[in-house]
Protein chains: 2
Amino acid sequence: MNQDNGAYSLIGYQLKRAQAALRSRMDDELRPLGLTTPQYSCLEALSHSPGASNSDLARAVFVTRQTMSALLHSLEARGLVERADRAPGGRAIPTSLTSEGQALLTEAARGSERIEQRMVATLTPSQMEALRSGLAACVEALVE
Amino acid sequence: MNQDNGAYSLIGYQLKRAQAALRSRMDDELRPLGLTTPQYSCLEALSHSPGASNSDLARAVFVTRQTMSALLHSLEARGLVERADRAPGGRAIPTSLTSEGQALLTEAARGSERIEQRMVATLTPSQMEALRSGLAACVEALVE
DNA sequence: GACAGTATGTCAGAATACTGACATGAACCA
DNA sequence: TGGTTCATGTCAGTATTCTGACATACTGTC
């Protein structure tokens, strides 16, 4: 109870608020394509890192390995990704996009970019950079 | 595929990354008290808005009414909050903190403030304000 | 080679959160 | 009064995500 205005002045609250709004808009945009935001993020990560393992993708999407494993099985059943039959070395099983997955990702990326641009529409380039670097500093301070 | 550096330059990605890191640290801090982050947020909202309804709290914590309803029943079963037997007018049933809930919240708030301060430790006041206003502008642009 | 430490994938179980649907009560307008 | 619209609380069902645990495979060091 430091202030009377509740938690609105806390960076953490604004962070959650912004993330919730973004997630909601992303879900709205992706729903017609049959994708959730984590599923889209997974396809996006696979596009940038072909052959990534389950654990790699979990870290990229900020979910646990178990969650990503279930998500990958779902995407595999829909023919959007492919996983190797066996690990080529170690235990990590590489995953890659199918052509169907690539096509769907391309379409979904358009909606995602639309949301991103809408989100930052009222910010100047220097304000955008300040926001980006501020968020990065927060992450830096939070990871031990 | 606008850049080679993946999604790291997107504000949306940084936003998710920062929120994930914050959520993780909050959960770590609150776990010894037997609280999750949404449960803590609910107690905090109740502290600032005594007598808030289930729907009020759902909006404050950014979950659905159904999720908040389950969360409230859990907190009520633990004796941390109280709900009126009947709606005093309309359908909204006011909820309030019990003394036990208030005590637990006070303790949890210390941990929460610790995390908040750690998160922004390396930011100057002007950088903090730039971050806050940047996030607010993003929210403003995303809510229709 | 033997060992500890680390990373990975997976299983099991529980908790969480969502969408869809319905009934109830209030506010508003014709 | 009658009607529509909106907000609220709740039920049911599904989907998501987590923690905990275990076996497996690499990477060091000795």
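Only the coordinates and a few stated rules stand behind these numbers; no lab work does. Since the structure is predicted, the reported quantities are computational estimates derived from the model, not experimental observations. Quick reminder, even Gly has a Cβ in these numbers, built from the backbone with ideal geometry, and neighbours come from all protein chains shown.
How long, wide and thick is region B:11-142, going by the Cα atoms along their three principal axes, in whole angstroms, largest first?
Projected onto the principal axes, the Cα atoms of region B:11-142 cover 48, 35, 23 Å.
What is the magnitude of the charge dipole of the protein assembly as shown about its Cα centre, with +1 placed on the Cβ of each Lys and Arg, -1 on the Cβ of each Asp and Glu, and no other charges, expressed in debye to the nearest 20?
Once rounded to the nearest 20, the dipole reads 300 debye.
Between B:Leu135, B:Gly89, B:Gln102, whose Cα lies farthest towards the positive end of the dipole of chain B when Lys and Arg beta carbons carry +1 and Asp and Glu beta carbons carry -1, centred on the Cα centre?
B:Gly89
Within a 10 angstrom radius of the beta carbon, how do A:Asp28, B:Asp56 rank from fewest other beta carbons to most?
Exposure proxy ranking, most exposed first: A:Asp28, B:Asp56.
With a Förster radius of 41 Å, plug the Cβ-Cβ distance of A:Ala92 and A:Gln117 into 1/(1 + (r/R0)^6) and report the FRET value to the nearest 0.05.
That pair, A:Ala92 with A:Gln117, gives E of 0.70.
Across the residues of B:122-128, average count of Cβ atoms on other protein chains within 10 Å?
Partner-chain Cβ atoms within 10 Å, mean over residues of B:122-128: 3.
Per DSSP helix of 4 or more residues, -39500 (n - 2.57); summed, then divided by the residues of chain A. What does that give at 222 nm, rounded to the nearest 500?
My calculation for chain A gives -21000 deg cm²/dmol from helical runs alone.
List, in order, the whole-Hz ³J(HN,Hα) value for each residue of region B:95-102 obtained from phi through the Karplus relation with A = 6.51, B = -1.76, C = 1.60 and θ = phi - 60°; use x for Gly and Pro.
10, 9, 6, 7, 5, 5, x, 4
Could you work out how much longer the chain between B:Tyr8 and B:Thr36 gets when fully extended? Use 0.36 nm per residue separation minus the Cα distance between them, nm to one decimal.
So the extension gain works out to 7.2 nm.
Given R₀ = 22 Å, what would the calculated FRET efficiency be for B:Ser133 paired with B:Ala20, taking r from the Cβ atoms and rounding to 0.05?
With a Förster radius of 22 Å, E is 0.45.
Taking amide H atoms as placed 1.01 Å from N in the peptide plane, list the residues 5 or more away in sequence, or in a different chain, whose amide H sits under 5 Å from that of B:Val81.
Excluding prolines and chain starts, which carry no amide H, the hits are B:Glu76, B:Thr98.
From Cα pairs below 8 angstrom and at least 6 apart in sequence, can you work out the relative contact order of chain A, rounded to a whole percent?
21
Once R0 is set to 30 Å, what does the formula 1/(1 + (r/R0)^6) return for the Cβ-Cβ distance between B:His48 and B:His73, expressed as a FRET efficiency to the nearest 0.05?
0.90
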